[in-house]
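Working notes for the structure below.
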Amino acid sequence: MSAATTRSRTPDRLCAEAVDLARTAAEEAAAPGVVGEHAGLVSEGDRVVTHFFECKELGYRGWRWAVTVARASRAKVVTLDEVVLLPGPDALLAPEWVPWSERLRPGDLGPGDLLPTDQDDLRLEPGYTGEEEPPPNSVVSEEMQELAEAEDADVTPGAPAAQPTVPSRGTIASVAEELGMRRARVLSRYGLHSAADRWEEAFGPKTAMAQAAPATCMSCGFLSPIGGSLGQAFGVCANEFSPADGRVVSLAYGCGGHSEAAVMPKPPQPASPVVDETRVDPFPLRPARDSGSVPETGDDETAELGHS
């Protein structure tokens with residue numbers, strides 16, 4: 001270690017003793033009564049020392065008043081350099097500022113909110129590049145020239161409100177619209193991979209639900225396939241009792257609601273009634289006279305009671 005480095009780490013004696021000068025400067029810069037006790041000092045270099053004082057200002061817990069003093073070479077008078085308020089090791093600090101685009105989280109978008117998309121968003125790429133157009137100096141007929149101009153008008157980039165009306169039937173733009181290709185921008189390869197990683201993390205084969213599932217979604221009858229390249233690895237769950245109902249799930253995902261996991265047997269059906277049409281059972285229209293609970297009496301017995 002050089003002698004210069006040793007001198008810079010050792011506080012200058014006169015600068016270290018200038019505590020009163022540093023306190024007076026701190027009290028002049030701060031509000032009355034907010035400068036606390038002396039909290040130490042540190043050597044900033046040759047004959048340069050910074051004194052620290054506690055800050056009693058409300059809302060500045062852990063902050064310190066830092067007063068830097070210095071002394072010229074071979075001089076005995078200590079002078080004031082600067083007075084600042086600095087955070088200490090345990091100071092209460094405001095969180096680091098983060099742009100709104102990085103603070104936004106899924107679910108923050110509410111009704112009526114508009115989320116702008118950057119022109120150079122890595123998740124998107126142009127859906128129509130115009131590569132199919134003929135070279136500027138190529139010889140084309142007037143009919144083809146008019147058709148090309150009409151096609152250029154049909155695919156004019158811009159917001160949906162600025163797009164023209166429905167393209168004419170039979171044009172390239174109308175065919176592209178039927179195929180879902182008449183969008184100004186589409187998902188890029190980065191956007192596809194980003195969405196796939198996000199979906200696989202939520203409903204993929206490494207989740208606890210998939211690890212305990214009896215089978216994967218690939219063999220489940222509740223899986224609704226999706227189109228595009230993502231359809232090779234993902235689908236939509238249509239089981240209302242599944243935790244992934246209405247969500248995009250990986251084909252390797254699974255849950256206990258698999259359609260073939262536990263098939264319940266059909267309930268037993270009762271036998272059809274057998275009707276014997278070869279035999280006739282007689283049924284009397286009137287009950288027999290002796291079928292009642294009261295025995296039938298003759299006229300002689302009732303005549304004594306005055307009945308006729």
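Computed values, structure above
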item: Selection count where residues are part of a strand (DSSP E or B) and either of a type in the set (A, V, I, L, M, F, W, C) or within 16 Å of residue 11 (Cβ to Cβ) (or both), scope region 32-59; result: 16
item: Residue match in region 35-42 (condition: touching a His at 6+ places or on another chain (Cβ under 8 Å), surrounded by 10 or more Cβ atoms within 10 Å (Cβ to Cβ) and touching a residue at least 40 places away in the same chain (Cβ under 8 Å)); result: no
item: Residue match in region 86-94 (condition: part of a loop (DSSP other than H, G, I, E, B), surrounded by 14 or more Cβ atoms within 10 Å (Cβ to Cβ) and more than 45 Å from the chain's Cα centre (by Cα)); result: no
item: Residue selected from region 199-230 under the condition touching a strand residue (DSSP E or B) at 6+ places or on another chain (Cβ under 9 Å) and free of Cβ contacts under 8 Å to residues at least 24 places away in the same chain, by the criterion surrounded by the most Cβ atoms within 10 Å (Cβ to Cβ); result: 226
item: Residue identified as exposed (fewer than 10 other Cβ atoms within 10 Å of the Cβ), in a helix (DSSP H, G or I), out of contact with any Cys (no Cβ under 6 Å at 6 or more places or on another chain) and not aromatic (Phe, Trp, Tyr) among 27, 102; result: 102
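None of the figures in this text is laboratory data; all of them are computed from the coordinates on show. Please read these numbers as outputs of a predicted model, since none were measured by experiment. Quick reminder, even Gly has a Cβ in these numbers, built from the backbone with ideal geometry, and neighbours come from all protein chains shown.
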